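The values are calculated or read from the model by the stated rules, or taken from the named source; none is laboratory data. Here the structure is a predicted model, which means the values were calculated and not measured. Please note: Cβ atoms are built from the backbone with ideal geometry, for glycine as well, and neighbour counts cover all protein chains shown.
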Amino acid sequence: MTRGLSSISFGVIILFAGAGQAQELEGEFSGNVALTTNYVFRGITQTDDGPAVQGGFDYTNGMFYAGTWASSVDFGDDTTMELDLYAGLTPQWNLVSFDLGVIYYAYPDSPDVTTGSQDFLELFAGASVPVGPFEAGGSVAYSPEFYGEIGEAFYYQATLGLDLSAQTGVEGFGFDASYGLSRFDNDFLGDDYDDFSVGMTASAAGFDFDLRYFGTTGLMGNGDNIAFTISRAL
């Protein structure tokens, strides 16, 4: 049973929008499109290890942002699309950059199921800081009712990035790595699990390229894999 934006997410988005309207009603709109060999969310394929078409639109005004993003999916049922709605703030304190916001994951054509709705809401908070040549970050996301209405869920993630554009002369060239912890109030797919990814990025001729190795630990039946994504800003 697909449901629309909950009152919680609507209230948070209105709160953020009010903060943005305190500034001049000016901002920037942007878009993006992408094609990937495998859409992976927290170490788990969302396309049965197949390709996906993706794209989104964003609005930014100072430290306020809002947007929407969509991707094709394959869950083995009639669900074919994920549609995300999000809004947030990106304040800065000294060298620390913050990202505070809300995101709603919707699956408009998901079938009616007795196990609960696939749609869910998350609140998130993250921060990043330069450490020598690296960019180190950490974030936490909380869902009061996660995918399938299984109850509360937390996601913790640590990231580390290295931008080598200046050293190599290749636009957007760099490496990054992440490690995440998925923790559930109730068992999901059998147990809590961790995920990891290591990626290489580069840009050329207006396109962005991402080659990524990912996998999970503590989760049966979902092995390591590689995904390649090509994207372009509009």
Answer residue from the range 71-100, given it is within 30 Å of Ala136 (Cα to Cα) and acidic (Asp, Glu) and is surrounded by the fewest Cβ atoms within 10 Å (Cβ to Cβ) among those: Asp84
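Conditions (1) in contact (Cβ under 8 Å) with a residue 60 or more places away in the chain; (2) more than 26 Å from Leu181 (Cβ to Cβ); (3) not aliphatic (A, V, I, L, M), marked per residue:
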{"residue": "Gln46", "(1), (2), (3)": "no, no, yes"}
{"residue": "Asp58", "(1), (2), (3)": "no, yes, yes"}
{"residue": "Phe64", "(1), (2), (3)": "no, yes, yes"}
{"residue": "Leu95", "(1), (2), (3)": "no, no, no"}
Among the residues listed as Ala153, Ala166, the single one being under 21 Å from Thr216 (Cα atoms) and of a type outside the set (Lys, Arg): Ala153
Count of residues meeting criterion [buried (at least 17 other Cβ atoms within 10 Å of the Cβ) and either of a type outside the set (Phe, Trp, Tyr) or farther than 28 Å from Leu160 by Cβ (or both)] in the range 101-119: 10
Wholly within the range 74-174, strands (runs of 3 or more DSSP E) carrying at least 2 residues that are more than 30 Å from Gly27 (Cβ to Cβ): 153-163
Counted residues, the range 141-152 - those being modelled with pLDDT of 95 or more and either buried (at least 16 other Cβ atoms within 10 Å of the Cβ) or more than 30 Å from Phe75 (Cβ to Cβ) (or both): 2
Residues that are in contact with a Leu (Cβ under 7 Å, 6 or more places away or on another chain) and either free of Cβ contacts under 8 Å to residues at least 12 places away in the same chain or surrounded by fewer than 16 Cβ atoms within 10 Å (Cβ to Cβ) (or both), drawn from the range 155-175: Tyr156, Phe175
Whichever residue in the range 171-202 is modelled with pLDDT of 95 or more and of a type in the set (Phe, Trp, Tyr) and, among such residues, is nearest to Ala227 (Cα to Cα): Phe196
Within the range 27-41, tally of residues that are surrounded by fewer than 19 Cβ atoms within 10 Å (Cβ to Cβ) and in contact (Cβ under 8 Å) with a residue 24 or more places away in the chain: 9
Residue that is nearest to Ser117 (Cα to Cα) [pool: residues in the range 49-73 that are of a type in the set (A, V, I, L, M) and not in a strand (DSSP E or B)]: Val73
Residues (of a type in the set (Gly, Ala, Ser), part of a strand (DSSP E or B), under 21 Å from Ile44 (Cα atoms) and without any contact (Cβ under 8 Å) to a residue 60 or more places away in the chain) located in the range 176-213: Ala177, Ser178, Gly199
